[in-house]
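Asks: This structure is in structure tokens; I'll ask about it shortly.
The values are calculated or read from the model by the stated rules, or taken from the named source; none is laboratory data. This is a predicted model, so every value here is computed, not measured. Cβ sites come from the backbone with ideal geometry, for glycine too, and all protein chains shown count toward neighbours. Note: accessible area is taken over every heavy atom of the protein model, side chains too, but ligands, DNA and RNA are not part of it. Shrake-Rupley method; radii C 1.70, N 1.55, O 1.52, S 1.80 Å.
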Amino acid sequence: MIKLPPLPYPYEALEPTISATTMRTHHDKHHAKYVETTNTLAKEKGLDGKSLEEIIAAAEKAGEKKLFNNAAQAWNHAFFWTCMTPERQEPTAELMALIGEAFGGLAGLKEKFVQVGADHFASGWVWLAVEDGKLTVVDTHDGGTLAHKAPTPLLVCDVWEHAYYLDYKQDRKAFLEKWFDTVANWEFAAHQLAAAQGREEAWRFAEAA
Ligand SMILES: [Fe+2]
């Protein structure tokens, strides 16, 4: 059994970028449902003693699409909550050097991240990730995830409509711009970068107590 992780901050902590109403629905309804469905399906497949990362990998290997999508969504959302913080932050010097190499600076990264997220067709996720010491921005469709494969994710933003529609209506680009400027958790991104370099443990979905 996996457990719905609590938000790492109060519902209203990310206002005005993301409203408490959006956070309540997103976490308490959408994320909770992905966790519930994952538990039901994982039990049916004899995977209920496994970690969420193991369930995702096993479901993908077996071609169990419904289980994969729900398990990956359970993981992506928990990772997404961690990628946000009410404390406005700047990237660390180490991260900034890599951002400079790959995108010419923070403005260049923002432009790329917003463009990839805004251009993404339908539901999905936009990620800042690192592979072989180089930063990259990638998108995944629907429940597509970087939970169990390279590149290592540093940050992710949810571009499903349920993530922004109440606050921004159809304007996903405005949501992404505000998100990048105000709530991105650069301290967490630095931790994930250190993990990719073997200096720390990468973030994992919490084991059920
Ligand atoms: Fe979502």
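Asks: Roughly to the nearest percent, how much of the accessible area of the chain is carbon and sulfur, given a 1.4 Å probe?
Replies: 51 percent
Asks: Now for a different question. State the extension gain, in nm to one decimal, for the chain segment bounded by HIS30 and HIS162, taking 0.36 nm per residue of separation less the distance between their alpha-carbons.
Replies: Net length gain for the segment: 46.7 nm.
Asks: Among SER51, ALA97, PHE79, pick out the residue whose Cα is farthest towards the positive end of the charge dipole of the chain, where Lys and Arg carry +1 and Asp and Glu carry -1 on C-beta, about the Cα centre.
Replies: After comparing all options, I get SER51.
Asks: Quick one: Debye curve from the alpha-carbon atoms of the range 19-82 only, equal weights, vacuum; give me log10 I(q)/I(0) at q = 0.22, 0.25, 0.27 Å⁻¹ to two decimals.
Replies: Calculated log10 I(q)/I(0) at the listed q: -0.81, -0.98, -1.09.
Asks: Just to confirm, what accessible area per residue do you get for the chain at 1.4 Å probe, in whole Å²?
Replies: 48 Å²
Asks: Expressed as a rounded percentage, what relative contact order does the chain have, with Cα pairs under 8 Å and six or more residues apart?
Replies: Normalised by residue count, the contact order of the chain is 25 percent.
Asks: How big is the dipole moment of the chain about its Cα centre under a simple scheme where the beta carbon of each Lys and Arg is +1, that of each Asp and Glu is -1, and everything else is neutral? Debye, nearest 20, please.
Replies: Value, rounded to 20: 480 debye.
Asks: Related question: How long is the gain from LYS50 to GLU207 if the chain were fully straight, where each residue apart is worth 0.36 nm and the alpha carbon distance is subtracted?
Replies: Gain on extension, LYS50 to GLU207, equals 55.6 nm.
Asks: Quick one: Debye curve from the alpha-carbon atoms of the range 93-196 only, equal weights, vacuum; give me log10 I(q)/I(0) at q = 0.10, 0.23 Å⁻¹ to two decimals.
Replies: -0.25, -1.31
Asks: Another one. In 5 Å bins starting at zero, report the fraction of Cα pairs in the chain per bin as a rounded %.
Replies: The calculated distribution, bin by bin, is 1, 7, 16, 20, 20, 17, 11, 5, 1, 0.
Asks: Could you grab the relative contact order for the range 1-114? Cα pairs under 8 Å, six or more apart, rounded to a whole percent.
Replies: That works out to 25 percent.
Asks: Using modelled backbone amide H atoms (1.01 Å from N, in-plane), which distant-in-sequence or interchain residues come within less than 5 Å of LEU154's amide H?
Replies: LEU128, ALA129, VAL130
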